[in-house]
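K.L.:
Sending over a structure as structure tokens; questions will come in a sec.
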Amino acid sequence: MEKNRKRIALLGSTGSIGTQAIEVIEQFPELLQIEVLTAFSNADLLIKQAKKCKPNIVVIGKEDLYKYVKEALWDDDVKVFAGMQAINEVVQMECVDMVLSAIVGVAGLAPIFKAIEADKQIALANKETLVVAGELMTRTAYEHGVNIYPVDSEHSAIFQSLAGEFHNPISRLIITASGGPFLHKNRGFLQTVTKEQALKHPNWKMGNKITIDSSTLMNKGLEVIEAKWLFAVPLEKIEVLVHPQSIVHSLVEFADGSIKAQLGLPDMKLPIQYALTYPQRMTSDLPRLNFAEHPTLTFEAPDLETFPCLALAYEASRKGGCLPCVMNAANEAAVSLFLQDRIGFNDIPKIIEDALSQADFCIPSTIEEYLQIDKETKIKTLEKNSK
Ligand code: NDP
Ligand code: MG
């Protein structure tokens, strides 16, 4: 039985997706096994997870926490490593079948590339990987016969809607958006909103960075680019539709005009489970959707003037090359400044637009080049906007 279990390296185990992924994996001990856990700074939670899940290896990203983690796990049968290089190495180990990346931001780029190079199957929550280097990632995955299974709920919905349809032409992908906490607000209102307001997402409980991205609609912009690479569908065929109830997770329209969608209560455990157990649908105890309790499902076009980030993402992806990387870096820098109360909400799109207009166009061909552009853009953005 042991032999047939899928051995998983869970990157970012201490985050919102990471902790939910552990709960999912624990439901299916006959199918799934945690081989590696990695965290960045939350040593205490990593130690707790290691004692409970008994992985073969844990990695703490912050090297100065190595001693603390190592000592806490002294009596446990767990190997402890530290540093980002160690994360890049453990994903390539023979004992790993699948890598689930729940790291936030561009930090997830290198480990996933290394995992693909080592022919590991990928379950991807870290959308920034495809936003920044989608062409390189998907080409390398194709060359290595590696499948990238989406964890993002919208992309999981599209993936589920495409089951059995692989040779049928797609006429449109429709990605739904909740609209976030500031749906129907105007720019004047947004001028003074605080991070506490922006962090109150109406339907989903997520990490801080993606929650701010949801409030600016940049999350949808990132998801449009993610969908373009995952499903090889051109941008012109990818639309965003605001659906405040977050029940319809996304839709696919086929050449004959038929539309398929995937529905359910907003709960990330379902897409995490589908990515880990595909093609099987395992019985779960997740709460079920009762339509009578949700009689009204509404849909509307996104407000691109009030929330310019979505249009910026389309534009950066259309122009291609290094621009999605520049956009992502400027966004990560702007979100961190907003979370430190150093800029206002409406400054986020302005900073991204400025970074895009200042960027020297180039076409990176390696992960190192992407990471260099990311670093330079973040330094410039932080220098320019730190008060
Ligand atoms: P969190 O902020 O909750 O968790 C991030 C995880 O990444 C933590 O384990 C953190 O470690 C680790 N991490 C942070 N920085 C680094 C770094 N430099 N190197 C290595 N590891 C690092 O994020 P979420 O779980 O919300 O999101 C993770 C990814 O999944 C994002 O890309 C997001 O867009 C995507 N996603 C999330 C959804 C959600 O519901 N949360 C839904 C769909 C997609 P530590 O805490 O120990 O510092
Ligand atoms: Mg999503």
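K.L.:
Any idea of residue 178's accessible area? Nearest 10 Å², probe 1.4 Å.
P.N.:
Here the residue's solvent-accessible area equals roughly 20 Å².
K.L.:
Can you pull out the GluC sites (Glu not before Pro) in region 6-46 whose DSSP state is coil and whose Cβ has at most 14 other Cβ atoms within 10 Å? The partial results should precede the final answer.
P.N.:
Numbers: sites: 23, 26, 30, 35; in loops: 30.
Passing both the DSSP loop test and the Cβ count: 30.
K.L.:
Can you pull the one-decimal nm distance between simple spin-label points at residue 4 and residue 208, each 7 Å off the Cα toward Cβ?
P.N.:
4.5
K.L.:
While we're looking at this one, here's another question. What's the carbon and sulfur percent of region 2-146's accessible surface, probe 1.4 angstrom, rounded to a whole number?
P.N.:
Within region 2-146, the accessible surface is 51 percent carbon and sulfur.
K.L.:
Collect residues whose amide H, placed 1.01 Å from N in the peptide plane, falls under 5 Å from the amide H of residue 343; neighbours closer than 5 in sequence don't count.
P.N.:
338
K.L.:
Calculate one ³J(HN,Hα) per residue across region 43-58 by plugging θ = phi - 60° into the Karplus curve 6.51 cos²θ - 1.76 cosθ + 1.60, and present them in order as whole Hz with x for glycine and proline.
P.N.:
Each residue's phi maps through the Karplus curve to give 5, 5, 5, 4, 4, 4, 5, 5, 5, 7, 8, 6, x, 6, 9, 10 Hz.
K.L.:
Let me ask something else. Whole-Hz Karplus ³J(HN,Hα) for region 303-320, in order, using 6.51 cos²θ - 1.76 cosθ + 1.60 and θ = phi - 60°, x for Gly and Pro?
P.N.:
8, 6, 6, 6, 10, x, 4, 5, 5, 5, 5, 4, 5, 4, 6, 4, 6, x
K.L.:
Rounded to whole Hz and in sequence order, give me ³J(HN,Hα) for region 119-124 from the Karplus expression 6.51 cos²θ - 1.76 cosθ + 1.60, θ = phi - 60°, writing x for Gly and Pro.
P.N.:
Couplings: 6, 7, 5, 10, 10, 10 Hz.
K.L.:
Give me the percent of DSSP beta bridges within the chain that run antiparallel, rounded to the nearest 5. Kindly include the intermediate steps, with their values, before the conclusion.
P.N.:
On the way: 10 of 40 bridges.
Antiparallel bridges make up about 25 percent of those DSSP assigns within the chain.
K.L.:
Would you mind calculating the relative contact order of the chain from Cα pairs under 8 angstrom and at least 6 residues apart, reporting the percent as a whole number? Walk me through the numbers on the way to the answer.
P.N.:
Numbers: 698 pairs, mean separation 56.4, N = 387.
Result for the chain is 15 percent.
K.L.:
Which residue, 346, 219, 168, tops the fluctuation ranking in a GNM of the chain built on C-alpha contacts under 10 Å?
P.N.:
Looking only at 346, 219, 168, the largest GNM fluctuation is found for 168.
K.L.:
Where does the chain land at 222 nm, in deg cm²/dmol rounded to the nearest 500, when only DSSP H runs of n ≥ 4 count, each adding -39500 (n - 2.57), divided by all residues? Write out the running numbers ahead of the final one.
P.N.:
Values: 16 runs with 171 residues, N = 387.
The per-residue figure over the chain is -13500 deg cm²/dmol.
K.L.:
Looking only at 127, 319, 54, which one moves most when the chain is put into a Gaussian network model with springs between Cα atoms under 10 Å?
P.N.:
Of 127, 319, 54, the most mobile in the Gaussian network model is 319.
K.L.:
Full extension from residue 147 to residue 71: what is 0.36 nm times the residue separation minus their Cα-Cα distance, to one decimal in nm? Can you show the working numbers first?
P.N.:
On the way: separation 76, 0.36 × 76 = 27.36 nm, distance 3.74 nm.
That works out to 23.6 nm of additional length.
K.L.:
Sticking with this structure for a sec: For residue 34, list long-range residues whose amide hydrogen, built 1.01 Å from N in the peptide plane, is under 5 Å from its own amide hydrogen.
P.N.:
8
K.L.:
At 1.4 Å probe size, with no ligands or nucleic acids counted, give the accessible surface of residue 104 in Å², nearest ten.
P.N.:
Counting only protein heavy atoms, residue 104 exposes about 90 Å² to solvent.
K.L.:
Relative contact order for region 99-234: what percent, with Cα pairs under 8 Å and sequence separation of 6 or more? Provide the component values of the computation, followed by the final result.
P.N.:
Details: 147 pairs, mean separation 31.3, N = 136.
That works out to 23 percent.
K.L.:
For residue 171, list long-range residues whose amide hydrogen, built 1.01 Å from N in the peptide plane, is under 5 Å from its own amide hydrogen.
P.N.:
Long-range HN contacts for residue 171: 253, 254, 255.
K.L.:
Relative contact order for region 251-329: what percent, with Cα pairs under 8 Å and sequence separation of 6 or more?
P.N.:
15
K.L.:
Run through region 334-368 and list the chymotrypsin sites (Phe, Trp or Tyr not before Pro) located in a DSSP loop whose Cβ has at most 16 other Cβ atoms within 10 Å. Please list the in-between numbers first.
P.N.:
Details: sites: 338, 345, 361; in loops: 345, 361.
Of the chymotrypsin sites (Phe, Trp or Tyr not before Pro), the ones in loops of region 334-368 whose Cβ has at most 16 other Cβ atoms within 10 Å are 361.
K.L.:
Using the structure shown, list the pairs from 269/350; 54/375; 51/120; 79/269 with a Cα-Cα distance above 31 Å, or answer none.
P.N.:
Numbers: 269/350 35 Å; 54/375 36 Å; 51/120 26 Å; 79/269 28 Å.
In this structure, 269/350; 54/375 exceed 31 Å between Cα atoms.
K.L.:
On to the next question. Quick one: putting +1 on the C-beta of Lys and Arg, -1 on the C-beta of Asp and Glu, what dipole do you get for the chain around its Cα centre, in Debye to the nearest 20? All intermediate terms of the calculation are to be shown ahead of the outcome.
P.N.:
Numbers: 39 positive and 49 negative charges, 103 e Å.
Magnitude of the dipole: close to 500 debye.
The values are calculated or read from the model by the stated rules, or taken from the named source; none is laboratory data. Small disclaimer: the values here were computed from a predicted structure and weren't measured. Note: ideal-geometry Cβ built from the backbone for every residue, glycine included; neighbour counts use all protein chains shown. We work out accessible area using only protein heavy atoms, side chains counted, and drop any ligands, DNA or RNA first. Shrake-Rupley method; radii C 1.70, N 1.55, O 1.52, S 1.80 Å.
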